[in-house]
Number of protein chains: 2
Amino acid sequence: MTDYVIGLDYGTASARGVLIDIASGREVAAHVHAYRHGTLTQSLPDGTALPRGWALQVADDYLEAAEAILARIGAGRRVLGLGLGFTASSPLPCRADGTPLDRAFPADPHAYVKLWKHAAQPQAERLSALGGAWLDNFGGKVSGEWLLAKAAQIAEEAPATWQRTERFIEAGDWLVWQLTGTEARSLGFAAYKAQYRAGAGYPDVGIAGLDTRLSEPVPVGSPAGRLTGDWLDRTGILGPCTVAVAVIDSHVVLPAVGAVAGGTFVGALGTSAVSMMLDDTPPRLPPGIEGVAFNGSIRDLWCYEAGQASFGDMLAWFVETFPKGHTATESFARYEAEAAAIPPGARRLVALDWWNGNRVPHGNSDLSGLLVGLTMQTTAAGIYRALIESLCFGMRLVRDLYVDAGFRIDQVIMTSGLARRNALLVQIMADVLGCDLRVPEIENATAVGAAIHGAVAAGVVTGYAEGAAAFGARSHRTVRPDPGARDSYETLYRRYRALAGDPTLRETMQGLHDL
Amino acid sequence: MTDYVIGLDYGTASARGVLIDIASGREVAAHVHAYRHGTLTQSLPDGTALPRGWALQVADDYLEAAEAILARIGAGRRVLGLGLGFTASSPLPCRADGTPLDRAFPADPHAYVKLWKHAAQPQAERLSALGGAWLDNFGGKVSGEWLLAKAAQIAEEAPATWQRTERFIEAGDWLVWQLTGTEARSLGFAAYKAQYRAGAGYPDVGIAGLDTRLSEPVPVGSPAGRLTGDWLDRTGILGPCTVAVAVIDSHVVLPAVGAVAGGTFVGALGTSAVSMMLDDTPPRLPPGIEGVAFNGSIRDLWCYEAGQASFGDMLAWFVETFPKGHTATESFARYEAEAAAIPPGARRLVALDWWNGNRVPHGNSDLSGLLVGLTMQTTAAGIYRALIESLCFGMRLVRDLYVDAGFRIDQVIMTSGLARRNALLVQIMADVLGCDLRVPEIENATAVGAAIHGAVAAGVVTGYAEGAAAFGARSHRTVRPDPGARDSYETLYRRYRALAGDPTLRETMQGLHDL
């Protein structure tokens, strides 16, 4: 009988599952299921209005998606391991038995999952002001998107809800709990989103009763337990199916694209972009980099992370705002072709890629985008190319923070559908970074990465390197920098850095935001 | 028998003439004639190639235009006075009898009219470096577009041509000479373009033989002489036709729009914009303002001038680069309608209107345009509105230099076709300046202004005030600022000023230009 592993990728709008044949290493089935209630931003399902900026989800939607996907791809199969990636930080309050509070209190906004993009900003600022060693690996700053700030928000704004909360838990951990019957939290969520440190534990930030609502995490790749008999019955999966602890969705891709060793820099290019730097020496957070943890992304490695708040969405914005065809696809194709014909620097334009604010180096979502060098000779395609270049400059700024801090970088990987499809973007990225790029050729990389975590946890493979070789990308494209572009991009990048560091510009952007 | 005055407006591509009935004050005929050779930028008429950046014209084209226009509108009419406005500085070398050198030396590029936009930049920089009191009224800087720099260019690059040159003269003065048989130079050209000062004369800037090639100027509004018998014969005009000394084309409009007294600020809004400040007290050039002279624009007044290198052309650039319709007219109409619906500041965008470089306050044509505040919510119409606002901020920056220097401003006039047609632009201008604007309702204002100069010179009226009342605009629209827009624009304008003064931005722009 054939053996399989399953990977689940719980994104913002839907979940995706892949079934992999262990012997061949091939993906043999995949399925996507959208969440019934999507993201609640205007009102709760019963019509209760939500404050501006809120983003909630319904915990039971995740169970519905799990059942639909697992039944579709797993029924009748012998599945040895299952891993899952999940958005983070997306915590929910529940009872000691795992019952989410929104079942009993559907009219209470604080009873729902607070999705990653729901930001508890005032609470985050208060926590950051406390300071302390617990923030050393995060540049001294708590994000409003993280678990601690969201816990503080409930405790402060809805004390009765906080009173009823017996566990405050990331939705990924909660889903693993539902699948296995065991509350086994992931060190990934705990370290990156709740500032848990080995030895020191969770920080005491003065949120009454928080310690009793959390529990000790275990490293990623650890088995949480096995799929319960109830789930085997509901999905038709044949056991024994070991479930790995959950992984942050942006990190779970690493083994699928061959990022399993120190000295690897990975850019995951999507609507926004996340870059990860794997390292095997004690941590030293470069100023501006957002955070680092050990054993939280992949075993036995430090993984630093930094994001670009805008990436593919900025190009989509341009094409939708200034269409050059009847469809977005047609516009994209025309802009790409025209922009590709422009030599580096020929349009004498520089942009700051801050359409959604800036994460590195300023960590300020109020900042905004900029274009400079506009003349009567500027063309629309020239602006489009400047936007692509600015995205690459933003990635280089992050990469250079590591280089300047003395990190060893052996390989640079660019992954995602955008990286595979957009040849111009990746060529400019190679030119701007000035080094070879590996672009792995793999579909559903995030879900495949989750399956590798499941395989590691189940002992199907001895570790991530073997898992990556067995189930990850089988080929990659190497993109080499064009030596002729080097000087132009060095000059333009210096201009980009000067603009990014210009305090007058930041004051202007902040002032415009505060209007 | 009816008496008339004629005004001629010699622009860059063509000349326009208007015939005004003195008794009624009404324009009764008009005619436009394009220059046969247009502007020579690539090659001479015989095919001789020109260096990059050159812009020449053929002197005899002006005579052809004069004959065509005067015959068409003046034949059989008794014309008492004629005035003309002319581009400047557009000097030509000629013989002592007025024969332009290009007749005998058609293959010598230096024998032609050097049009205003032909810039002798290295020579200008050398002259500026000399320094001296002769530059006090011009902020210490000679422009490459001015007569002195162009004389230096011929003397340096074509000594034989300079040797043959017996007079070096503005084309407007040369045309008056041809029409009257008398070399009578205008104080307007001499003061603004050759830094002539009453008492001190032309400056000695070390150009050998320059003094013998110039001659003493007279104030604007002075009679140069009468139309010669030959011209009366060729055009059919019935004399006696007194011809006024020529006036710089951007200044000649003043009496036509009612700008005849100190305390008047005039914005002439075209492809680019020129603003003029009339004042009746001794000059004190605010830093950044480009120049000032007495009796050179209108009699008995100081006229300060400052320009915006981009104005209407920036809006045309936007509409052509990002079309929103099948024709430019359709695109303009849509952008106007959408932009008009956006409340001030609602889009949180600011632009620097430097698409053609900046004149005030930096006097650097290498600078370029900027947009800041771009987000995923930014719309195309929002950008269009930000461009309009930036043009108005640029005008306010100039106006505020006078206010800050203690000038009295009694009225603000905005003139041109653009000012009359573009209601949104003028309303935003009123909101940004925070004061009432007068928009005179008059066609062919520049040519009418020239006719008023002719009427003053001929004694048809006692002075400019009477001339303006008799022949200038008979009505105007008053545009009042919207009090509700005040706070938003004060805030945005402070941001604009901060950006305009930011040295990092200027270094970036210069660096991009020099790529």
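The values are calculated or read from the model by the stated rules, or taken from the named source; none is laboratory data. For clarity, every value in this text was computed on a predicted model and none was experimentally measured. Neighbour counts run over all protein chains shown; Cβ positions are idealised from the backbone, glycine included.
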Mind counting the residues in segment A:261-300 that are hydrophobic (A, V, I, L, M, F, W, C), buried (at least 22 other Cβ atoms within 10 Å of the Cβ) and within 20 Å of A:Arg185 (Cα to Cα)? 3
B:Ser390 meets each of (1) within 22 Å of A:Leu387 (Cα to Cα); (2) crowded, with 22+ Cβ neighbours inside 10 Å; (3) within 11 Å of chain A (Cβ to nearest Cβ) with one exception, condition (1)
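Is it the case that A:Ala473 is in contact with a Pro (Cβ under 6 Å, 6 or more places away or on another chain), within 14 Å of chain B (Cβ to nearest Cβ) and either over 30 Å from A:Val18 (Cβ atoms) or assigned to a loop (DSSP other than H, G, I, E, B) (or both)? Please lay out each step first, then the result.
Values: in contact with a Pro (Cβ under 6 Å, 6 or more places away or on another chain): yes; within 14 Å of chain B (Cβ to nearest Cβ): no; either over 30 Å from A:Val18 (Cβ atoms) or assigned to a loop (DSSP other than H, G, I, E, B) (or both): yes.
No, not satisfied.
Could you list, in sequence order, the residues of segment B:320-362 that are more than 30 Å from A:Asp514 (Cβ to Cβ), outside any helix (DSSP H, G or I) and more than 8 Å from chain A (Cβ to nearest Cβ)?
Here is the first cut: in segment B:320-362, the residues more than 30 Å from A:Asp514 (Cβ to Cβ) are B:320-321, B:323-334, B:356-357, B:359.
Then drop every residue that is not outside any helix (DSSP H, G or I), which leaves B:323-327, B:356-357, B:359.
Hits for segment B:320-362 are B:Pro323, B:Lys324, B:Gly325, B:His326, B:Thr327, B:Gly357, B:Arg359.
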Checking A:Trp116, A:Trp162 in turn, the sole residue that is in contact with a strand residue (DSSP E or B) (Cβ under 9 Å, 6 or more places away or on another chain) and either of a type in the set (Phe, Trp, Tyr) or closer than 22 Å to A:Leu50 by Cβ (or both) turns out to be A:Trp162
Could you grab the pairs with beta carbons closer than 6 Å, sequence gap of 6+ or different chains, first residue in segment B:497-515 and more than 7 Å from chain A (Cβ to nearest Cβ), second one at pLDDT below 95? B:Gln510/B:Asp366
Anything in segment A:219-245 that is touching a strand residue (DSSP E or B) at 6+ places or on another chain (Cβ under 7 Å) and either under 16 Å from A:Val18 (Cα atoms) or in a strand (DSSP E or B) (or both)? List them, or say none. A:Pro223, A:Ala224, A:Gly225, A:Arg226, A:Ile237, A:Leu238, A:Cys241, A:Thr242, A:Val243, A:Ala244
Only one of A:Ile207, A:Ile169, A:Ile248, A:Ile237 that is in contact with a Gly (Cβ under 8 Å, 6 or more places away or on another chain) and closer than 25 Å to A:Lys117 by Cβ: A:Ile248
Of the residues in segment A:362-383, those that are buried (at least 24 other Cβ atoms within 10 Å of the Cβ) and over 28 Å from the mean Cα position of the chain (by Cα) come to A:Val372, A:Gly373, A:Leu374
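For segment B:419-434, give me the residue count where each residue is over 22 Å from B:Leu492 (Cα atoms) and either crowded, with 19+ Cβ neighbours inside 10 Å or of a type in the set (S, T, N, Q) (or both). Before the answer, list the steps.
Step one: list which residues in segment B:419-434 are over 22 Å from B:Leu492 (Cα atoms), which gives B:419-421.
Narrowing further to those that are either crowded, with 19+ Cβ neighbours inside 10 Å or of a type in the set (S, T, N, Q) (or both): B:419-420.
Adding up the residues that qualify gives 2.
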Which number in (1) part of a helix (DSSP H, G or I); (2) modelled with pLDDT under 95 marks the one condition that B:Glu443 misses? (1)
Cβ pairs under 7 Å, 6+ apart, first in segment B:54-72 and among the β-branched types (Val, Ile, Thr) and at pLDDT 95 or above, second in a loop (DSSP other than H, G, I, E, B) and surrounded by 17 or more Cβ atoms within 10 Å (Cβ to Cβ): B:Val58/B:Tyr112
Under 9 Å by Cβ, and 6 or more places apart or on different chains, what pairs join a residue from segment B:92-117 that is among the β-branched types (Val, Ile, Thr) with one that is crowded, with 17+ Cβ neighbours inside 10 Å and in a helix (DSSP H, G or I)? B:Val113/B:Ala59; B:Val113/B:Asp61; B:Val113/B:Tyr62; B:Val113/B:Asp102; B:Val113/B:Ala171; B:Val113/B:Trp174
Within segment A:477-495, residues being more than 9 Å from every other protein chain (Cβ to nearest Cβ) and either without any contact (Cβ under 8 Å) to a residue 12 or more places away in the chain or part of a helix (DSSP H, G or I) (or both) number 8
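Of the residues B:Ala381, B:Ala455, which single one is within 14 Å of chain A (Cβ to nearest Cβ), touching a residue at least 12 places away in the same chain (Cβ under 8 Å) and assigned to a helix (DSSP H, G or I)? Write out each step before concluding.
On the way: B:Ala455 fails: within 14 Å of chain A (Cβ to nearest Cβ).
Of the residues listed, the single one that is within 14 Å of chain A (Cβ to nearest Cβ), touching a residue at least 12 places away in the same chain (Cβ under 8 Å) and assigned to a helix (DSSP H, G or I) is B:Ala381.
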